[in-house]
Amino acid sequence: MIRYKKLFLNPDMKVWLSKNSEVPMREQLVTQITLGVASGDLAIGDRLPSRQEISRRFGIHANTVSNAYRELSELGLIEFRQGSGFYVNEIDSENLEDKIEIDTLITKFFQSSQSLGFSMGEIKEALEKRLSSKTPKSFLVIESEKDLRDILVSEISESTRAKVFGITFEDFENEHREINSNFVTLLRHKAEIEEILDADQTCFFLKSSSVPNAMEGRTRPSEDSLIVVASALEKFRITAKTFLVAAQIDTDSIILRSPRDENWKRGLDNVQMIICDSLTAKEFPKSDKVRVFPLVSDDSIKDLRQMCKPSYRQTA
């Protein structure tokens, strides 16, 4: 039997670590903290437990925790503060002004415009023109990894009923001035995209879905259930397996399948559960045993729906 322990990093973020698993403890810790940051379960500035605390709580060597924290630091996800510990890093430390309340921003805009000699009538006219201009009703997903891009396109298209296209970073850099669409990419690409965009262009940054939130309210599989994780995206398969193992599912009960492989559906009629991404889910008839794990957070999907109104129609 796989034994696991649970650690609360903050009230909204839980980490499960299993010692009796083929997935190394370092990898379990890195994967779960990475997803916690990406999904917002761990907020910028949150303090992580000390290496000694995690080592003591789970009965693992402190060097294992140190190696995990070092990897997270190299990824830029956490930072070490001398004498204080490890904290979730800021995505862009130069843009703290983004946190200013909207009323303050509006006040500064009017003050700046008037200081340049514009009258209130001119400012109002310019604002009305901008607000009444037609907003593109399609989305362009910018992502070079094809499997990930295909899943994001499928997920956004299905959730918003809008037209969604995909493009690589290389093609986007060459063609972005000619594209009339709402640009969309993952939050981790923020710095890369902002270097490409013109001053009058914007991009919406997607937050990743939280694994615990996505599984909330769903029936937990029994320890001996036969579970398939199906996705063309290798990272999806590895991440899902990590969480299943940490949730006390025997590794022998977890089968990984890729739709790119021949006869990948063989034997799936006999499994108790299929966990897959939204694109792979289209390969199966609707069934209670098919569990779809979305890559994009609910909050980001709501924002995208607002962007494409009134063309988006809520279905019953």
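The values are calculated or read from the model by the stated rules, or taken from the named source; none is laboratory data. Worth saying up front: this structure is predicted, and the values here are computed from it rather than measured. Note that each Cβ is placed from the backbone with ideal geometry, even for glycine, and that neighbours are counted across all protein chains shown.
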Hits in the stretch 273-288 - residues which are surrounded by fewer than 16 Cβ atoms within 10 Å (Cβ to Cβ) and either of a type in the set (D, E, K, R) or in the same structural domain as Ile156 (by TED's automatic domain parsing) (or both)
Lys282, Glu283, Lys286, Asp288
Residue among Ala316, Ala232 that is modelled with pLDDT under 90, aliphatic (A, V, I, L, M) and not in a helix (DSSP H, G or I):
Ala316
Does the stretch 138-160 hold any residues that are of a type in the set (Lys, Arg) and farther than 16 Å from Pro294 by Cβ, and which are they?
Lys146
Which of the residues that make up the stretch 116-150 are at pLDDT below 75, among the polar types (S, T, N, Q) and not in a loop (DSSP other than H, G, I, E, B)?
Ser132
Residues within the stretch 142-195 that are surrounded by fewer than 19 Cβ atoms within 10 Å (Cβ to Cβ) and among the aromatic types (Phe, Trp, Tyr), tallied:
2
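Every residue, every condition in (1) touching a Leu at 6+ places or on another chain (Cβ under 9 Å); (2) at pLDDT below 90; (3) farther than 12 Å from Glu158 by Cβ; (4) among the aliphatic types (A, V, I, L, M), yes or no:
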| site | (1), (2), (3), (4) |
| --- | --- |
| Lys282 | no, no, no, no |
| Ser287 | no, yes, yes, no |
| Val290 | no, no, yes, yes |
| Lys302 | no, no, yes, no |
| Lys309 | no, yes, yes, no |
Is there a residue in the stretch 245-253 that is of a type in the set (D, E, K, R) and assigned to a loop (DSSP other than H, G, I, E, B)?
yes
Using beta carbons and a limit of 8 Å, which pairs, at least six apart or on different chains, have the first residue in the stretch 226-240 and free of Cβ contacts under 8 Å to residues at least 60 places away in the same chain and the second one part of a strand (DSSP E or B) and among the aromatic types (Phe, Trp, Tyr)?
none
Of the criteria (1) within 19 Å of the chain's Cα centre (by Cα); (2) farther than 18 Å from Leu295 by Cβ; (3) not basic (Lys, Arg), which one Met120 fails:
(1)
Could you grab the pairs with beta carbons closer than 7 Å, sequence gap of 6+ or different chains, first residue in the stretch 55-79 and more than 11 Å from Asn89 (Cα to Cα), second one among the polar types (S, T, N, Q) and not in a loop (DSSP other than H, G, I, E, B)?
His61/Ser55; Ala62/Gln52; Ala62/Ser55; Val65/Ser55
The residue that is farthest from Lys19 (Cα to Cα), considering only those in the stretch 51-65 that are of a type in the set (Gly, Ala, Ser) and surrounded by fewer than 15 Cβ atoms within 10 Å (Cβ to Cβ), is Ala62
Say we look at the stretch 241-272 and pick out the residues that are buried (at least 21 other Cβ atoms within 10 Å of the Cβ) and in contact (Cβ under 8 Å) with a residue 40 or more places away in the chain; which of these is farthest from Val23 (Cα to Cα)?
Ile249
Residue list for the stretch 2-52, filter: in a helix (DSSP H, G or I), modelled with pLDDT of 75 or more and either more than 21 Å from Val296 (Cβ to Cβ) or in contact with a strand residue (DSSP E or B) (Cβ under 8 Å, 6 or more places away or on another chain) (or both)
Met25, Arg26, Glu27, Gln28, Leu29, Val30, Gln32, Ile33, Gly36, Val37, Arg51, Gln52
For the stretch 173-211, give me each residue that is acidic (Asp, Glu) and in contact with a Phe, Trp or Tyr (Cβ under 8 Å, 6 or more places away or on another chain).
Glu192
